[in-house]
Amino acid sequence: MRRLLVTGGAGFIGSNFVRYLMEHSDAHVTVLDKMTYAASRESLAGLPADRVELVVGDICDAVLVDQLVSRLSGERDALVHYAAESHNDNSLHDPSPFITTNIVGTFTLLEAVRRHGVRMHHISTDEVYGDLELDDPERFTESTPYRPSSPYSASKAGADHLVRAWARSFGVPVTLSNCSNNYGPWQHIEKFIPRQITNLLDGGRVKLYGSGRNVRDWIHADDHSSAVWTILNEGSIGQTYLIGADGELSNRQVIALILQQLGQDPDDFDHVTDRAGHDLRYAIDASMLRTELGWKPQFGAFEEGLARTIDWYRDHRDWWAPQKAATEATYAAKGQ
Ligand code: NAD
Ligand code: DAU
């Protein structure tokens, strides 16, 4: 049986991938997750115990990582690396864990796969390319130069550079993917879409940074998982693939949809303090993934995926409610 080691598999996107694997493969999955504030055991609940194993540990723990990577001895076995500190706002408050986990952690994994000759797929972000003007006709491609803006995106860029260097210098068999903004179930309520949904479900108000002209390129997390699975199976070793679903919307448009879908006035929101260094626009050209590997997203209209996401948060109040007051207190302290 194929074995996969999935770092960060108890987080938002990593757990989506583990659930995806249960439906679309017969792989045995070991999740290595430090169980930070962003992780959730519930996101893996109910999965078959004979196929999913959770190891609570740190990707910076070289002994543990070596032990887990050494078990990946089959030809189709692989390490899929999702673990990261992932929130830009947190990286502005305290960059330290971003440097440790995203850079030193990735280095630790690379040394282990190098020793054991294991395939690695590295999960990265479109933010490594910096931002675009609103009217820029070009979108990000695999050859766009790196120009990260925040401590988070700089740490992800640093990790990407290490992965490429280990491939070139040591011949480590890697693939990389850089995806745009994900949404869907199990996303931490510190992030934009779940924050606004849960604010409204809680009787609070929507909080928009700055002017709200900033554009993000939304993709459902299920489509991210199917893209990663396609790359693992069909991708060329050494190649980077951009993942996106042509989902560009301004933050102002997204909050109008959320307010409308929850039966409220689309103009009824608060402008709050902007994020320092706030990237203006991200946009992905996923042509290589679509044409060379034949991948396409399954989610059509964003409105439909959003409606399902709102229903999910309505049905999972028990999961998010205990974190809500503390998350909002952190934002309130920053005027956000
Ligand atoms: P998340 O914050 O929801 O989950 C991250 C997971 O990593 C958590 O379970 C956490 O406990 C774990 N983790 C953190 N530090 C660790 C450590 N030192 N050792 C082991 N586990 C650790 O993040 P996410 O949104 O699911 O993002 C997952 C990956 O996808 C990240 O690499 C991120 O950069 C990338 N990405 C995210 C998006 C997005 O829109 N969320 C888009 C593109 C790429
Ligand atoms: O592009 C991929 C990236 O998308 C990932 O690499 C990151 O891990 C992920 O967090 C996400 O980064 P963003 O910074 O784009 O996502 P966030 O949800 O934090 O914010 C989305 C947009 O919404 C951004 O322009 C800031 C704005 N925003 C955010 C919050 C939390 C608001 O206007 N109000 C808010 O309350």
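Taken together, the residues in region 69-90 that are touching a residue at least 12 places away in the same chain (Cβ under 8 Å) and either among the acidic types (Asp, Glu) or within 11 Å of ligand 1 (Cβ to nearest atom) (or both) amount to 12. Take residue 131 and decide whether it is surrounded by fewer than 24 Cβ atoms within 10 Å (Cβ to Cβ) and assigned to a helix (DSSP H, G or I). Judged against the criteria, residue 131 is not a match. Given the structure, is residue 169 surrounded by fewer than 16 Cβ atoms within 10 Å (Cβ to Cβ), closer than 30 Å to residue 75 by Cβ and polar (S, T, N, Q)? Against the criterion (surrounded by fewer than 16 Cβ atoms within 10 Å (Cβ to Cβ), closer than 30 Å to residue 75 by Cβ and polar (S, T, N, Q)), residue 169 qualifies. Is it the case that some residue within region 195-202 is closer than 21 Å to residue 308 by Cα and among the β-branched types (Val, Ile, Thr)? Checking region 195-202: at least one residue is closer than 21 Å to residue 308 by Cα and among the β-branched types (Val, Ile, Thr).
Going by what's in this entry, would residue 249 be described as open to solvent by 20 Å² or more (accessible area, probe 1.4 Å), over 30 Å from residue 4 (Cβ atoms) and of a type in the set (A, V, I, L, M, F, W, C)?
yes
The residues on offer are 134, 176, 162, and the sole one that is more than 21 Å from the chain's Cα centre (by Cα) and of a type in the set (A, V, I, L, M) is 134.
Taking the criterion of being assigned to a loop (DSSP other than H, G, I, E, B) and charged (D, E, K, R), the residues of region 1-41 that qualify are 2, 26, 34.
The values are calculated or read from the model by the stated rules, or taken from the named source; none is laboratory data. From a predicted model like this one, the values you see are computed outputs, not experimental measurements. Because the Cβ atoms are built from the backbone with ideal geometry, glycine has one as well, and the counts that use them run over all protein chains shown. Ligands, DNA and RNA are excluded from the accessible area calculation, which covers all protein heavy atoms including side chains. Shrake-Rupley method; radii C 1.70, N 1.55, O 1.52, S 1.80 Å.
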